[in-house]
Amino acid sequence: MTRTVQPSDADNADIRPSLVGLTRAELQSVLGEMDVPSRQVRMRAAQIWRWVYAHGVREFDAMPNVPKSLRAELIGRFTLDRPEIVTGQVSKDGTRKWLLKVPSNGLAKASEIETVYIPEESRGTLCISSQIGCTLTCTFCHTGTQRLVRNLTAGEIAGQIMLARDELGDWPGLEPGSPDNLPDGDRKITNIVLMGMGEPLYNFDAVRDAMAIANDNEGLSHSRRRITLSTSGVVPEIPRWGNEAATMLAISLHAVRDGLRDELVPINRKYPIAQLLEACRNYPGLSNSRRITFEYVMLKGINDSTADARELVRLLKGIPAKINLIPFNPWPGSEYECSDWGEIETFADIVNRAGYASPVRTPRGRDIMAACGQLKSASTRLSAKERRDLASSPA
Ligand code: SAH
Ligand code: SF4
């Protein structure tokens, strides 16, 4: 049976879709439609899966145990492409940021996202995006000034991990591409955080499928305990995420009173602090060894007083938690300033003395605008009229 493959983007010359991002079940169903005897479908899917996700091969012809005829059929229909790199930057501190191009689907002139890799001595964290832009408008966040263009697909989300592994030489048996500033140890990406552009719980299914791919131990093999989803507080999706994806959770709290949080994190008007913390208390699998991280951006004179610190401790009582204090990272046009170091230390001390780990997140990659909340791409969603004009204009 032939499957008609639709072009995924007018400005993309290759109309074959990428196989990257298919779940196991989807891969089996694709093979079921191809010239593969039904009793072999599972076995072939398992072989291809390993080549794609455990070895990172980029050509179907690099899969010697897959019959030649099947490889030819796969080549005719699919690629193994990752998102395309527009630019790659390396910060003085070794942080890397890639600007990636993804299809616009007629919604914007160009669609770009950012992925950031943060190496430390014994770990490497990959920060990935879930949406192009964001529908929310947190006042201290650069991404929040960029209207949502669209959700990323599971392939584009998992593709960010694949691409970073390509760039870092982080596939089994490969020598790291550029060995400077990479962590010790076999794996260069040890942790994944959904803290790039977008609100991941507003793109639930694609993010869940991509994390299932990331977690699969016949493939990319990232433990769920080393994957963290950060949310601004989409309360109804929190229990669902715990049940269906079971990764670690981070909450962008940033304020301890509803009035201020309404302003800083406007989703608070819909789901206020009490509801958010109730969802946290009930997060499936929560325990002292699986704590929730509360992120708290330090804004000078806004949310950084000792009274705020004490109220934070009171609010979190009974929730296995750690508190991540994030020095505010400025961006062009931002209204806030980062709290003074002394203020941050006093705040951390109060939280610490109450028994919570309260690491202050060292800003990384500020010189290349790669730090938390600095990500933004130039992609803007077009109005309905602009989209019609774009569709009718010659390529
Ligand atoms: N949308 C999700 C995940 C992406 S943001 C969320 O809001 O949780 C990742 C973290 O960076 C969030 O805690 C966010 O509040 C924080 N952040 C945003 N802008 C920032 C800035 N300018 N400086 C420091 N942290 C910021
Ligand atoms: Fe969106 Fe998160 Fe930025 Fe808020 S902090 S605007 S939810 S990306």
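The set of residues in the range 190-233 that are more than 13 Å from ligand 1 (Cβ to nearest atom) and in contact with a Pro (Cβ under 8 Å, 6 or more places away or on another chain) contains only T190.
Residue-level check: of (1) in contact (Cβ under 8 Å) with a residue 12 or more places away in the chain; (2) closer than 25 Å to G198 by Cβ, R257 misses just (2).
Scanning the range 266-301 for residues that are assigned to a loop (DSSP other than H, G, I, E, B), touching a helix residue (DSSP H, G or I) at 6+ places or on another chain (Cβ under 7 Å) and touching a residue at least 40 places away in the same chain (Cβ under 8 Å) returns N282, Y283, P284, G285.
Checking T145, T125, T137, T115 one by one, the residue that is within 26 Å of S252 (Cα to Cα) and more than 15 Å from ligand 2 (Cβ to nearest atom) is T125 and no other. Within the range 249-265, the set of residues being within 14 Å of ligand 1 (Cβ to nearest atom), under 21 Å from K322 (Cβ atoms) and outside any strand (DSSP E or B) comprises L253, H254, A255, R261, L264, V265.
The condition (being over 15 Å from G159 (Cβ atoms), modelled with pLDDT of 95 or more, buried (at least 21 other Cβ atoms within 10 Å of the Cβ) and of a type in the set (A, V, I, L, M, F, W, C)) is satisfied by just one residue among I48, I128: I48.
Could you tell me whether L277 is closer than 22 Å to N303 by Cβ, away from ligand 1 (no atom under 13 Å from the Cβ) and surrounded by 19 or more Cβ atoms within 10 Å (Cβ to Cβ)? When the stated conditions are applied, L277 passes them.
Restricting to the range 243-259, give me the number of residues that are surrounded by fewer than 19 Cβ atoms within 10 Å (Cβ to Cβ) and touching a helix residue (DSSP H, G or I) at 6+ places or on another chain (Cβ under 9 Å). Going through the range 243-259 one residue at a time, the tally reaches 4. Looking across S339, S358, S334, one residue alone is under 16 Å from T306 (Cα atoms), within 12 Å of ligand 1 (Cβ to nearest atom) and at pLDDT 80 or above. It is S339.
Selection of the range 83-97 for residues being of a type outside the set (G, A, S) and touching an Asp or Glu at 6+ places or on another chain (Cβ under 7 Å) yields P83, V86, K92, K97.
A search for C-beta distances below 7 Å between a residue of the range 326-355 that is of a type in the set (D, E, K, R) and any residue that is away from ligand 1 (no atom under 11 Å from the Cβ), counting only pairs 6+ apart in sequence or on different chains, returns E337/K300; D340/K300; E343/D304. Among the residues of the range 159-173, is there at least one that is more than 23 Å from L22 (Cβ to Cβ) and of a type in the set (K, R)? No, the range 159-173 contains no residue that is more than 23 Å from L22 (Cβ to Cβ) and of a type in the set (K, R). Within the range 227-244, residues that are charged (D, E, K, R) sit with their Cβ atoms under 6 Å from residues that are within 16 Å of ligand 2 (Cβ to nearest atom) and not in a strand (DSSP E or B), at 6+ positions apart or across chains, in these pairs: E237/L201; E237/F204. Those residues that are small (G, A, S) and closer than 22 Å to I368 by Cβ, I need them from the range 142-160; list them, please. Once the filter is applied, which keeps residues that are small (G, A, S) and closer than 22 Å to I368 by Cβ, the range 142-160 yields G144, G159. Could you look through the range 320-356, keep only residues that are acidic (D, E) and either outside any helix (DSSP H, G or I) or within 16 Å of A371 (Cβ to Cβ) (or both), and pick out the one that is farthest from ligand 2 (Cβ to nearest atom)? The residue in question is D340. Where strands (runs of 3 or more DSSP E) fall wholly inside the range 86-203, the ranges with 3 or more residues that are of a type in the set (S, T, Y) and in contact (Cβ under 8 Å) with a residue 12 or more places away in the chain are 111-119.
The values are calculated or read from the model by the stated rules, or taken from the named source; none is laboratory data. Being a predicted model, the structure only gives us computed values, none of them experimental. Cβ sites come from the backbone with ideal geometry, for glycine too, and all protein chains shown count toward neighbours.
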